[in-house]
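Single-structure report; data block below.
The values are calculated or read from the model by the stated rules, or taken from the named source; none is laboratory data. The structure presented is a predicted model; accordingly, all values stated were derived computationally and were not measured. Neighbour counts are summed over all protein chains in view; Cβ atoms, including those assigned to glycine, are modelled from backbone coordinates with ideal geometry. Surface areas here come from the heavy atoms of the whole protein model, side chains and all, with no ligands, DNA or RNA. Shrake-Rupley method; radii C 1.70, N 1.55, O 1.52, S 1.80 Å.
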Amino acid sequence: GFSRGIRGMLLVLLVIILASSTFCRNSIWHTEERLWQDVMARSPSKARPHYQIGYYYDRKGNYEAAIREYQTALTMKPYTTLEDWTRNNLGNIYGKLGLFEEAKRQFQTVLAFTPTDHAARINLGVIYTKQGKIIEAIQEFHAVLEASPDNVLAYYNLGNAYQEQGNLEEAIGAYQKALRRD
């Protein structure tokens, strides 16, 4: 009788507590930005939350906030694959902002630690193309294609470089190779 009633009330109370806790936690997960801010608050010395919220800001076009978060992530731990991703994304933002030397520095840093990073090499080639350094750009794209002959992005960007150079026959050939592989 009596102890059964107390157990029932404790069970109801436990369900209410857990339900309200779940409701509060769900409000934190309501947006990606709030989720990563919460993760940063809980793990202030970890790089990944700063990378993730930087990536969120990057996709939203809030480049100033993205740069700040990526730079913070870079200060947090020794060199890892996460740093390659962070530097590639940071370099791409600098490229969008026309800060080509800063962009190149990010991609070259990745390549110094990870020479096989095709994304960094392609990104570097894109910056060279934007700077009108077509020979350097073509060299970067060919380096990727030597290691990865089916790399669609390398062929596409190689086509862009040839087109920028005025070499339309080579550009068409590169674009066709990209299309065949995609």
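For each pair in Lys60/Lys130; Lys60/Lys104; Lys96/Lys130; Lys46/Lys104, compute the distance between the two Cα atoms and list the pairs where it is over 20 Å. Each step should come with its number before you reach the end.
Values: Lys60/Lys130 23 Å; Lys60/Lys104 23 Å; Lys96/Lys130 10 Å; Lys46/Lys104 26 Å.
Table pairs above 20 Å Cα-Cα are Lys60/Lys130; Lys60/Lys104; Lys46/Lys104.
Separation between the Lys77 and Lys46 pseudo-spin-labels, each 7 Å from Cα along Cα→Cβ, expressed in nm?
0.8
Which of the aspartates and glutamates could a cross-linker span from Lys77 if the Cα-Cα distance has to be under 17 Å and same-chain partners fewer than 8 positions apart are dropped?
Hits, sequence-local ones excluded: Glu69.
Can you give the accessible area of Trp36 in Å² (nearest 10), computed on protein heavy atoms with a 1.4 Å probe?
50
Could you pull the accessible area for His118 with a 1.4 Å probe, rounded to 10 Å²?
60
So what does Val12 come to for accessible area, using a 1.4 Å probe and Å² rounded to 10?
90
Using a 1.4 Å probe and counting only protein heavy atoms, arrange Thr72, Thr81, Thr86 so the residue with the most accessible area comes first. Walk me through the intermediate numbers first.
Details: Thr72 45, Thr81 85, Thr86 0 Å².
Order by accessible area, largest first: Thr81, Thr72, Thr86.
If you take every residue apart from Val126 with its C-beta less than 13 Å away from the C-beta of Val126, what net charge results, scoring Lys and Arg +1 and Asp and Glu -1?
Working: positive: Lys96, Lys104, Arg121, Lys130, Lys133; negative: Glu136, Glu140, Glu164.
Summing Lys and Arg as +1 and Asp and Glu as -1 gives +2.
In whole percent, how big is the carbon plus sulfur part of the accessible area of the chain, probe 1.4 Å, protein atoms only? Walk me through the numbers before you get to the answer.
Details: 6280 of 11020 Å².
The computed percentage sits at 57.
Taking Rg/Rh (Cα atoms, Kirkwood Rh) straight from the coordinates, which label in (i) 1.26; (ii) 1.31; (iii) 0.95 is the correct one?
(i)
Show Ile53, Ile67 ordered by accessible area, largest first, where the area counts protein heavy atoms only and the probe is 1.4 Å.
Details: Ile53 0, Ile67 25 Å².
Ranked from most to least accessible, the order is Ile67, Ile53.
Determine the gain in length on full extension of the stretch Ala147-Leu99; use 0.36 nm per residue of separation and subtract their C-alpha separation, reporting nm with one decimal. Don't skip to the answer; put the middle values down first.
Values: separation 48, 0.36 × 48 = 17.28 nm, distance 2.87 nm.
Fully extending the segment from Ala147 to Leu99 adds 14.4 nm.
So how much slack lies between Glu169 and Met9, counting 0.36 nm per residue of separation and subtracting their Cα-Cα distance, in nm?
Working: separation 160, 0.36 × 160 = 57.60 nm, distance 8.02 nm.
Gain on extension, Glu169 to Met9, equals 49.6 nm.
Rolling a 1.4 angstrom probe over the protein heavy atoms, how many square angstrom per residue are accessible across the stretch 91-140?
Here the residues of the stretch 91-140 average 46 Å² of exposed surface.
Cα gyration tensor of the stretch 42-133, axes a ≥ b ≥ c as square roots of the eigenvalues: rounded (a/c below 1.5), prolate (a/b > b/c) or oblate?
Working: a/c = 2.50, a/b = 1.40, b/c = 1.79.
Judged from the Cα gyration tensor, the stretch 42-133 comes out oblate (a/c at least 1.5, b/c at or above a/b).
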